[in-house]
Amino acid sequence: MTHATTDVVRFAPSPTGTLHLGNARTALFNWLYARHYGATMVLRIEDTDRERSRPEYEHAIIEDLRWLGIDWDQGPDCGGAAAPFRQSEAGDWYRSVIERLRAQDAIYPCFCTQEQLEQDREAARASGGQIVYSRRCRDLDAETAQRRIEQGDPHVWRLRLPESLEHVTFKDLVRGEVRIPIANFGGDFVLLRTDGSPVFHLAVVADDHRMGVTLVLRGEDHLVNTARQICLYRALDWEPPRWGHMAMILGADRTKLSKRHGGVSVRHYREQGVLPQALMNYLALLGWNPGDDTEVMRPGELIERFSVDRLIPSAAVFDETKLYWLNAQHLRALDEAAYLDHARNWIVAYAPAISNLLELDGMDDVLLALREQIQVFSELPGALTMFQEPGIDLSSPAVDKVVKMPTFAPIIDAISKFVEAHPLPETAQARRDWLDALKQYVSEQTGAGGRKLFQPIRLALTGVPSGRDLGVLIAAMPADLVHRRLEIWRQHIAEAVS
């Protein structure tokens, strides 16, 4: 298969909601194709659904695509020779296409009412047959049809399929030869609604031709649509693009990924704190094989290794656990400055309630220490609870195990005396020195050492019995939380004794 730099691919979302993972993957594979083979990438907004299309969804889709790292060469936000890029702005073009079809007698007006069409569908279901338009209006004489149009009778315009056509066959870059019976798409299908607006198939074919699209990469749920659109290309005597239909993304129950499976949008995983390069990496592996066992790849490597010949025709199962594992690998591969930038930006955007913690001296070191502990940034608020409130989970078996150590009560007493005599310093380095002095003092006062010394000290100061480097945590710990935590422990010990 030859792939030319003159190829044009497109991503054409409908602004009726946020960017679904399946649509994001479609955008990604078109982008990888364009960047690997040197083709042109076009972004088109398919907003023919007037009732559901919203400008805010268009903005959100563009923002999510750019966050993901996907760009385009022409589109509604950057212009280009293929303008207009919104279907709502291409009405004159669609009308000219309809006039061309009328002149060729390739379409005809259909005056069937919804009641008539429903009766036809019920009859087909009752007989066990497929639902195919009866062609009731196909052979109306031109004079009668024109008179009814002029008197305002509601009507749509249907494509006049060849009488002898039984199926449509085309070559698919992913699936090989595909054969679709015309009965699968209902026979003569509608191109223009009663209000004069274009149906999806007319707008898509007209725009792909006008924009010079040479390859359409999209999901396998469009296979029947492709058969319809090939019929329209033939009626217009236009050269159709090449086609490639990617396998569906399934949920864990092996049904099509949908809202009932939980988070299925790019925005959801942005909010969860997944890195854009990690989500891109994971989506690429849902339907494409890099040719070896490599799993962790940055965008540049994906572009370099991409081949349309390795798109997989079998369905891919979405696994959030695998996504989060991949994200952890990308987190740990970041340099410290980039990691901190991502972490801080996520907290400000999605966890503003704890954004004040970013002002604490030593918090950058805490965030760096947590990098090996977390998989996604949404785990940070829980990991940083010790910096927000003095609460202690006394019901935790791990906490209870430390509290029951014989050394625990004496250590709490010794820590309290030390803190009273030596308040927690202001600077991070001074706090690390303070912690070393505290450990030595408590050891001398109680005779405790090793785990029986360090676990009670950690629990007393942070409220948790294990975790990252205690020196790093204490360097950023608000002094008032240390005092309040110690007071909770003193009260707990007093109540236990009484």
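The values are calculated or read from the model by the stated rules, or taken from the named source; none is laboratory data. Predicted model only: the values in this text are computed from it and were never measured. Glycine also receives a Cβ, built like all others from the backbone with ideal geometry; neighbour counts cover every protein chain displayed.
Side notes on the structure shown:
- Of all residues in region 410-431, those that are touching a residue at least 40 places away in the same chain (Cβ under 8 Å), in a helix (DSSP H, G or I) and surrounded by 18 or more Cβ atoms within 10 Å (Cβ to Cβ) total 6.
- Restricting M280, M297 to those that are surrounded by 15 or more Cβ atoms within 10 Å (Cβ to Cβ) and assigned to a helix (DSSP H, G or I) reduces the list to M280.
- Filtered by the rule that a residue be assigned to a loop (DSSP other than H, G, I, E, B) and either of a type in the set (D, E, K, R) or buried (at least 21 other Cβ atoms within 10 Å of the Cβ) (or both), region 49-69 gives D49, R50, E51, R52, R54.
- Residues in region 340-360 include none that are in contact with a Ser or Thr (Cβ under 7 Å, 6 or more places away or on another chain), within 19 Å of R485 (Cβ to Cβ) and surrounded by fewer than 18 Cβ atoms within 10 Å (Cβ to Cβ).
- The number of residues in region 352-382 being under 15 Å from S466 (Cα atoms), assigned to a helix (DSSP H, G or I) and either in contact (Cβ under 8 Å) with a residue 40 or more places away in the chain or in contact with a strand residue (DSSP E or B) (Cβ under 6 Å, 6 or more places away or on another chain) (or both) comes to 3.
- Subset of region 58-88 (residues that are free of Cβ contacts under 8 Å to residues at least 12 places away in the same chain and either farther than 25 Å from L202 by Cβ or in contact with an Asp or Glu (Cβ under 7 Å, 6 or more places away or on another chain) (or both)): H59, E63, R66, C78
- Only a single item in (1) outside the structural domain of G212 (by the TED database); (2) more than 30 Å from H268 (Cβ to Cβ); (3) among the aromatic types (F, W, Y) is not met by W93, and it is number (1).
- Region 139-164: number of residues that are under 22 Å from D237 (Cβ atoms) and either surrounded by 12 or more Cβ atoms within 10 Å (Cβ to Cβ) or touching a residue at least 40 places away in the same chain (Cβ under 8 Å) (or both): 5
- Test: V472 is of a type in the set (A, V, I, L, M) and part of a helix (DSSP H, G or I): yes
- Selected residue [within 30 Å of V308 (Cα to Cα) and of a type in the set (F, W, Y)] from F189, F111, F170: F170
- Filtered residue count, region 142-160, keeping only those that are within 19 Å of H201 (Cβ to Cβ) and in contact with a Phe, Trp or Tyr (Cβ under 8 Å, 6 or more places away or on another chain): 5
- Residue within region 337-351 that is over 14 Å from Q272 (Cα atoms), more than 30 Å from the chain's Cα centre (by Cα) and not acidic (D, E) present: no
- Filtered residues of region 311-351 (kept if of a type in the set (D, E) and over 26 Å from T294 (Cβ atoms)): D341
- Conditions (1) touching a Lys or Arg at 6+ places or on another chain (Cβ under 9 Å); (2) free of Cβ contacts under 8 Å to residues at least 12 places away in the same chain: number failed by Q491: (1)
- Residue that is nearest to the chain's Cα centre (by Cα), among those in region 312-336 that are free of Cβ contacts under 8 Å to residues at least 40 places away in the same chain and surrounded by fewer than 14 Cβ atoms within 10 Å (Cβ to Cβ): T321
- Test: residue in region 487-494 that is of a type outside the set (G, A, S), in a helix (DSSP H, G or I) and loosely packed, with under 12 Cβ neighbours inside 10 Å: yes
- Any chance A24 is in a loop (DSSP other than H, G, I, E, B) and farther than 30 Å from E143 by Cβ: no
- Condition met for P55 (without any contact (Cβ under 8 Å) to a residue 60 or more places away in the chain and touching a helix residue (DSSP H, G or I) at 6+ places or on another chain (Cβ under 8 Å)): no
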